[in-house]
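Here the structure is laid out as structure tokens; the discussion comes afterwards.
Derivation of every value follows stated rules applied to the coordinates shown; laboratory data play no part. These numbers were taken from a predicted model, which means no experiment stands behind them. Cβ atoms come from the backbone with ideal geometry, glycine included; neighbour counts cover every protein chain shown.
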Amino acid sequence: MKTEDLISALAADTMPRAPVGQQLGSALLVAIGVSLAAFAVFWGPRPDIWAALGSFAVLKTLVPLAFVLLALAFALAMVHPGFPHKRRGTALGALIALAALTFMIALAREGQVGLVSALSTPSLVTCLLSIPALAMPLLAAAIWGLSSGASTRPRLTGATAGLVAGGVAAAIYSLYCDKDMMLFVLPAYATAIGTVMLAGALLGPRILKW
Amino acid sequence: MRAANRGDTMAYHRLLMAITPVLRKVVRARGAALGPEGCEDVLQDVLLAIHSKRHTWHEDAPLRPWLYAIARHKVVDAFRARGRRVEVSIDDFAEGLAAAAGSDPAEGRDMEKVLSKLEPRAAEIVRAFGLNGETTAETAARLDMSEGAVRVALHRALKSIARLRERMIE
């Protein structure tokens, strides 16, 4: 087929396509509904949920959501070629660095013994399994939503989608989790979200190809 | 492009015609080893990518960086994929070179292969717009379909073409 003929065929196709943000948004809303429903059935909120949300433990919910917002902005920039995404990437990197710094300070204050005793609880396994489980529908939705875009860095975009999914899942799980020590929450949540990011990085190059 | 995204066929056609020579030059400069036909296949891949990803361009952003990013990604991708295929089969490569001498350089080979894999009616519609330059109304009357159905069928056919080509060069 001649290129000129292909151009005529392409020009005749005037069906509009929905913006990536719209597709991503609606997919994520559905997935959040699924994850929340699963949470209500299999986990359920901790008994002292209202007291917890009134204390500093609310940060367990809010900080992951802050990651989600920055990761969403970064992922959306990456699937729009030519759109500057460096600043959004830097903002996300800065938040990750801040979380790592907070962990270091907490570790320095309580030492390795404190870390081991904080992590020696069955809650650790529950956390490491629950967050990725809750993240599964979210990761599928995030990657599918982004696939209508045009990512020039599919692995990084996939990992960022994993951060979105893991972050939302962590925020949901935090309503169940009754361990509020920093030395538990930071490493456990980070590892759980990291697993989801790894899954996203592996899926990205396959699904975000175009 | 702004007009094209709102469904202005003529404006979109003019735009694609205008950028094609530029893109062709870029592709040929990078991929002389593929022969003129191979280059034309890559060019057609780039055009299909521009078409299927046109909603990822922000209306208020300059068009050039977007176009360039799409083309660069697709060209690198296509050469990587085809480079691998050349290594696998030397015959394939020699055949491509031999055939290149006699035929129209604006003609790609991949497209015919893809069209033959498509559902006959879908291929027919793509050909109707491309080769025969029919309008939606003419195609609809000839194939006894509604204009809306023709539009949807063309849209779907182009989508599967992009997908099939992707699979073919893997």
So the angle from the long Cα axis of helix A:154-173 to the longest Cα principal axis of chain A, reported in degrees to the nearest 10, equals 40
Cα-based Debye curve of region A:20-207 sampled at q = 0.10 Å⁻¹ gives log₁₀ I(q)/I(0) of -0.40
A correct fewest-to-most ranking of A:Asp178, B:Asp144, B:Asp77, B:Asp41 by other Cβ atoms within 10 Å would be B:Asp144, A:Asp178, B:Asp77, B:Asp41
On each of the three principal axes the extent of the alpha-carbon atoms of region B:109-170, given in whole Å and largest first, is 38, 19, 15
The answer for the net charge of residues other than A:Ile131 whose Cβ lies under 14 angstrom from its Cβ, with Lys and Arg +1 and Asp and Glu -1, is +2
Cα pairs beyond 40 Å in the protein assembly as shown, in percent, come to 30
For chain A, longest principal axis from Cα atoms; helix A:86-119 axis from its Cα atoms; angle between them, nearest 10 degrees, is 20
If the chain between B:Glu119 and B:Val76 were fully extended at 0.36 nm per residue, the gain over the current Cα-Cα distance would be 12.5 nm
If one compares the long axis through the Cα atoms of helix A:123-147 with the longest principal axis of the Cα atoms of chain A, the angle in degrees, nearest 10, works out at 10
The exposure ranking of A:Val164, A:Val20, fewest beta-carbon neighbours within 10 Å first, is A:Val20, A:Val164
